[in-house]
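Engineer: Handing you this structure, nothing more for now.
The values are calculated or read from the model by the stated rules, or taken from the named source; none is laboratory data. None of these values were measured; they are calculated from a predicted model. Here Cβ is always computed from backbone atoms with ideal geometry, including for glycine, and neighbour counts include all displayed protein chains. Note: areas computed on protein heavy atoms with side chains; ligands, DNA, RNA excluded. Shrake-Rupley method; radii C 1.70, N 1.55, O 1.52, S 1.80 Å.
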Amino acid sequence: MDEVARYNIERWAALVKANALFTRPHLDLDADTARQRVDPDGMFGDLSGRDVLLLGGGGGQQSSAFALLGACVTVVDIAQGQLEGDQQAAEHYGLTITTQQGDMRDLSALGDARFDLVYQPYSLNFVPDAHEVFTQVGVCCVLVGCTT
Ligand SMILES: C[S@@+](CC[C@H](N)C(=O)[O-])C[C@H]1O[C@@H](n2cnc3c(N)ncnc32)[C@H](O)[C@@H]1O
């Protein structure tokens, strides 16, 4: 683990403890507000049964929205506390959200997983080189239905 990863783990653990804005799961969504949150321009179409990967997307905000829209959601986030927010949201809505603690610069734990959509909330800025993440997405995930 490098210094960047260590720093982010520590900082996000502190933010979760402080109940900071980005760490609070959204527990008041319905299908309309969920769509508004993750797809305000209606680009993604019907998400029922689609496999969606959220990178650096822990906290239970986007995962709950995609899951409410019918997607099969996997969240990779470096902060365990953030992933607990996704599980809290899953329990609240009675939905399944798969969580995986890890660094989005190394997606090897996902093996040969395939996703229809890879979505990043505001998180790419937490790594020094975005290319590392994009390379991982290309190597580990074949986008079978990416909306451009
Ligand atoms: C601003 S939050 C974005 C997600 C949150 N759901 C939201 O709506 O604000 C940034 C997220 O990126 C995660 N993160 C930071 N560096 C990461 C890395 N290298 N790999 C995976 N996740 C990372 C943090 O733990 C945090 O959950």
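Engineer: Being without any contact (Cβ under 8 Å) to a residue 24 or more places away in the chain, more than 10 Å from the ligand (Cβ to nearest atom) and part of a loop (DSSP other than H, G, I, E, B), is that true of even one residue in the stretch 27-35?
Structural biologist: yes
Engineer: Give me the residue from the stretch 36-54 that is surrounded by 11 or more Cβ atoms within 10 Å (Cβ to Cβ) and within 16 Å of the ligand (Cβ to nearest atom) and, out of that set, farthest from the chain's Cα centre (by Cα).
Structural biologist: For the stretch 36-54, the residue satisfying everything is 36.
Engineer: How many residues, within the stretch 55-80, are in a strand (DSSP E or B), over 21 Å from residue 124 (Cβ atoms) and either within 14 Å of the ligand (Cβ to nearest atom) or touching a residue at least 40 places away in the same chain (Cβ under 8 Å) (or both)? Give the steps one after another, and end with the answer.
Structural biologist: Going through the stretch 55-80, the residues in a strand (DSSP E or B) turn out to be 55, 72-77.
Still in the running and over 21 Å from residue 124 (Cβ atoms): 72.
Narrowing further to those that are either within 14 Å of the ligand (Cβ to nearest atom) or touching a residue at least 40 places away in the same chain (Cβ under 8 Å) (or both): none.
Looking only at that region, the number is 0.
Engineer: Is there a residue in the stretch 7-25 that is within 18 Å of residue 133 (Cβ to Cβ), more than 8 Å from the ligand (Cβ to nearest atom) and exposed (fewer than 13 other Cβ atoms within 10 Å of the Cβ)? Show your work before the answer.
Structural biologist: Initial filter on the stretch 7-25 (within 18 Å of residue 133 (Cβ to Cβ)): 7-9, 12.
From what's left, more than 8 Å from the ligand (Cβ to nearest atom): 7.
Subsequent filtering for residues that are exposed (fewer than 13 other Cβ atoms within 10 Å of the Cβ) retains 7.
The answer is yes; a qualifying residue exists.
Engineer: Open to solvent by less than 70 Å² (accessible area, probe 1.4 Å) and touching a helix residue (DSSP H, G or I) at 6+ places or on another chain (Cβ under 7 Å), is that true of residue 111? Give the steps one after another, and end with the answer.
Structural biologist: Details: open to solvent by less than 70 Å² (accessible area, probe 1.4 Å): yes; touching a helix residue (DSSP H, G or I) at 6+ places or on another chain (Cβ under 7 Å): no.
Considered against the rule, which asks whether it is open to solvent by less than 70 Å² (accessible area, probe 1.4 Å) and touching a helix residue (DSSP H, G or I) at 6+ places or on another chain (Cβ under 7 Å), residue 111 comes out as no.
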